[in-house]
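The values are calculated or read from the model by the stated rules, or taken from the named source; none is laboratory data. What you see is a predicted model, and the numbers here were worked out from it, not measured in a lab. Methodologically, a virtual Cβ is constructed for each residue, glycine included, from the backbone with ideal geometry; neighbour enumeration extends over all protein chains shown.
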Amino acid sequence: MELKRPGSVIVDFTIATTKDVLDFGSANSELSSALTASEFSVNENAFAESKFVCLDSNFGIGILNQNASGNCEGGMVGIQMAQCNSTGQWSQTTNNCTLRVIQDLTDKAEHLDVTEVSQFTANLSNAVEQNSKNITNTSTTIVKVVDLLSTIATISQSLTVTKYVMEDFLKTVDVIVSNDTQEIWKSLNKDNANRNASSALLQSIETIGNSLSDEPLSFTTSNIQLNRTNFTNTFSGTFGQNSTTQIHVSNGNRSNSVTVIVFSALDNVLPVRNATHNESSLTDASINGNVVMIKLDQKFDPVISLTFDIKNSSLLGNPQCVFWNFSVLDGIGGWDSNGCEVQTSGKTGNVLCRCTHTTSFSILMSPNSPEDPALAYITYIGVAISMGSLVLCLLIEIILWKSMTRNDTSYMRHFSTVNLAASLLIADICFIIGAAIVKKGEGMPVHACSAVTFFIHFFYLALFFWMLFSALLLLYRTLVVFSRMSRSVMMAIALIVGYGAPLIIAVITVAVTAGNNAYIQEGNACWLNWVKTKALLAFVIPALTIVVINILVLVVVLYKMVKRGVGAITHAEEKHTMLVIARCVGILTPLFGLTWGFGIGTMVSPAKGIHIVFAVLNSLQGFFILVFGTLLDKKIREALVGKLRLKNFSSNFTVSTSAGPSSSNGKRLVHRFPRKYVYNISEAAHSSTVPSSNSDTFKFIDT
C-alpha cells in the first residue's frame with residue numbers, strides 16, 4: 001500500500017500480516033494521525049488483498065473486529081463508534097451525534113432565564129423546522145429536543161404563556177412526532193436509558209398548557225390542533241384532522257375555561273404499555289385514535305364524553321378507553337383505564353368513551369375479533385356440549401370396557417380413546433377457569449393465567465399426540481401381522497407419546513419465553529403469546545405436523561389393505577377394530593386440523609365469519625370424539641343395546657317370578673316375545689360373561 005502526502009516523504013509498504021499493521025501503527029502514529037481524506041492515495045489492489053484491514057480518515061487504521069471512535073460529521077457534534085468488518089470497512093455501532101445548532105441551544109438552556117423563554121422557544125422552533133430531515137433521523141437529537149421542551153415548560157410555570165410561545169412550542173413538537181420519527185420512537189421506547197422520553201414529552205405539553213393566558217386562542221399545525229375556550233354549563237366541539245374527535249364536557253351551572261389539544265400523530269410516540277405489563281408495548285394492541293389532552297381551569301368532577309373515529313378498521317377487538325398515567329411503572333408512565341369506560345364501539349366506525357377526570361385520553365384496540373356476544377354464546381354453549389359429550393363418552397367406555405377390550409388391538413384402541421377424551425375434557429375445564437379469572441377492565445392475573453395456559457397447552461397437545469398414537473397403532477398392526485408386541489410395552493409407548501412428548505414441549509415453551517415475560521398473550525384470554533415471542537408456534541407446529549403425519553399414515557395403510565386385502569387380517573374382530581381406528585384417524589385428524597387452521601386465520605383476519613367457524617368447530621371437538629370415536633362403532637352400539645335389553649329382561653323376569661309359579665312365568669315370557677323378535681343376547685353383549693345354565697345363548701320363541 002502506498003500513502004502519499006504532498007511535500008513530505010512517501011511511505012511505501014506491503015501489508016503481509018496483522019503484526020505488520022500493528023508495528024506500522026505503533027511506529028508511525030504521528031504520520032497516520034496527520035493524514036486527511038484529501039491526502040490519501042491508496043493502492044487499491046494491495047488493499048483488496050488485505051481484507052482484515054480497515055482504513056478511514058476518521059476512524060484510522062484497524063484490524064478485523066477492532067473498535068474505534070471518531071468525530072461526528074456533516075454539521076453534527078459528538079462521538080461515534082465503529083467496528084472493522086470483514087469487507088475492510090468501518091461499520092458504525094453507536095452514534096452519539098447531535099446537530100450543532102441543537103447542541104448550542106442545549107448549552108444555552110443551562111442558564112436560561114425567564115425573560116429569555118419567548119426568544120429561546122422561537123429559536124428552537126426555527127432550528128427544528130429548518131433541520132427537520134436531520135432531526136427525524138437522529139435519536140440523540142430528538143432526545144435533546146425533548147429535554148429542551150421540558151426545560152421550557154418547567155421555566156414557563158413562572159410566567160404567563162402567550163399564544164406565540166405556545167405556537168412555537170407545538171411547532172417543535174409537530175416535527176419530532178411526525179410519521180418520519182416512528183421507527184426512532186419505537187427504538188427509544190425499548191431503550192432502558194430513554195424509555196421515558198415519550199412520557200416526558202407529553203408531560204411538558206401538559207405543563208406548559210397549564211400556564212396559557214386566559215384569552216381564547218386557536219391554531220393548527222400539521223399534526224396538532226389547539227383550542228382554548230371559555231364556556232358556561234357545557235362545552236362541545238369537533239376537533240382533529242378531518243374532524244375525527246368529538247368532545248363534550250358537562251360543567252353543571254358554572255363558568256369555566258377549557259384547553260383542548262388534539263394530536264393526530266402522537267400514536268407514533270407513545271408506547272402501548274400499562275401498569276400490569278412493564279413492556280415497551282403491548283404487542284397485541286395499538287393506539288387506534290387521536291390522543292386528546294383536556295385541561296380545565298376550575299377543578300371539579302367533570303363528565304367528559306369523547307367520540308374517537310377509528311384509524312385502522314382492521315383493529316376492532318377489545319376497545320379500551322384509557323388515559324396516560326405519569327406515575328405508573330416507577331414514573332416511566334403508561335396507559336390506565338381507571339375512571340374511563342367504553343359506552344359504544346365498533347359498528348359505526350367509532351368508539352364513545354366516558355371519563356370523569358381531565359388528562360390525555362385515547363383508545364387502545366387489538367387485532368382480535370370484536371367482542372361479539374354471539375361468539376361468546378357459541379363458544380360457551382359449544383364447550384358445554386363438548387364437555388357433556390366427553391363425559392358420556394367416558395361413561396360408555398367404562399360400562400363396556402371388559403366386553404370391548406378382549407384383544408390387544410381393541411384394548412389399545414379404547415385406551416387411546418379414553419385418554420383422548422380425558423385430555424380434551426381437562427383442556428375444556430382449564431379453558432373455563434381461564435375465562436373466569438380474566439375479568440374485563442381489571443387486567444390479567446399473570447401468574448394464574450400462566451398456570452392455566454400451561455395446562456391448556458399441555459392437554460391440547462396431548463389430544464393431538466393421542467391421535468398420533470392411534471395412527472401409529474394402525475400402521476403397526478397393518479405392517480406387522482404375525483409378530484406381536486406385549487400389551488405392557490404398547491401401553492408404555494402410548495403414555496410416552498401421549499403425555500411425555502406434550503410435557504416436554506410445554507415445559508420448553510415456558511423455559512424459553514417466561515424470562516421475557518411473554519409466555520402468555522397480553523389480552524383478555526389465557527393463551528400462548530403470538531406477536532412478541534411466537535410462543536403459539538409451540539402448539540401450532542406440533543399439531544399441524546401430526547395432522548400431516550396421520551394423513552400420510554392413513555394413505556400407507558389404505559394402500560397396504562387394498563394391495564394385500566382386508567381379509568388378510570385373520571381375526572374378524574381385529575379387522576373391525578382396525579377399520580374403526582382408520583375411520584377415526586381419517587375423520588378426526590383433518591377435522592381437528594381444519595379447526596386449528598381456522599384458529600390461525602383468526603389471528604391474521606378480523607373477518608367475523610372466520611371467528612364464528614372457529615368457535616363452532618373448536619367448541620364441539622368433544623362432540624366429534626363421541627360421534628366418530630364411539631357412537632359410529634357398530635359393536636359399541638350393539639353392546640349398549642344388548643345391555644339395555646338384558647337389564648329389561650332381568651327386571652321383567654324378577655317381577656314375574658315374584659307373582660307366581662315359574663311355569664306360568666315362563667308362559668308369560670314366551671308370549672311377550674313373538675317369534676319375529678328372536679334375539680341372541682350373547683352376540684349383542686359381545687361377552688361370554690352373560691349368565692346361563694346349559695348354553696351361552698338364550699332364545700325366546702313364540703310357540
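Quick look at the values:
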| quantity | calculated |
| --- | --- |
| The listed residue being under 23 Å from Phe326 (Cα atoms), at pLDDT below 85 and in a helix (DSSP H, G or I), out of Ser187, Ser204 | Ser187 |
| Hits in segment 204-239 - residues which are under 18 Å from Ser178 (Cα atoms) and touching a residue at least 60 places away in the same chain (Cβ under 8 Å) | Ile205, Leu226 |
| Only one of Ser187, Ser158, Ser178, Ser150 that is out of contact with any Asp or Glu (no Cβ under 6 Å at 6 or more places or on another chain), closer than 21 Å to Gly78 by Cα and of a type in the set (Gly, Ala, Ser) | Ser187 |
| Selected residue (criterion: surrounded by the fewest Cβ atoms within 10 Å (Cβ to Cβ)) from residues of segment 226-244 that are under 14 Å from Phe308 (Cα atoms) and at pLDDT below 80 | Asn242 |
| Unique match (being crowded, with 20+ Cβ neighbours inside 10 Å and within 26 Å of the chain's Cα centre (by Cα)) among Cys393, Cys430 | Cys430 |
| Selected residue (criterion: farthest from Arg273 (Cα to Cα)) from residues of segment 176-212 that are among the acidic types (Asp, Glu) and exposed (fewer than 15 other Cβ atoms within 10 Å of the Cβ) | Glu183 |
| Sole exception among (1) among the basic types (Lys, Arg); (2) loosely packed, with under 15 Cβ neighbours inside 10 Å; (3) modelled with pLDDT of 85 or more for Arg254, by number | (3) |
| Test: residue in segment 432-441 that is without any contact (Cβ under 8 Å) to a residue 12 or more places away in the chain and either basic (Lys, Arg) or not in a helix (DSSP H, G or I) (or both) | yes |
| Sole exception among (1) over 25 Å from the mean Cα position of the chain (by Cα); (2) at pLDDT 75 or above; (3) under 25 Å from Val391 (Cβ atoms) for Ser619, by number | (1) |
| Leading residue by the ranking (modelled with the lowest pLDDT) among those in segment 351-386 that are β-branched (Val, Ile, Thr) and touching a helix residue (DSSP H, G or I) at 6+ places or on another chain (Cβ under 9 Å) | Thr359 |
| Matching residues in segment 471-480 - criterion: being surrounded by 13 or more Cβ atoms within 10 Å (Cβ to Cβ) and among the hydrophobic types (A, V, I, L, M, F, W, C) | Ala471, Leu472, Leu473, Leu474, Leu475 |
| Selected residue (only one of Val173, Val165, Val101 is crowded, with 16+ Cβ neighbours inside 10 Å and touching a Phe, Trp or Tyr at 6+ places or on another chain (Cβ under 9 Å)) | Val173 |
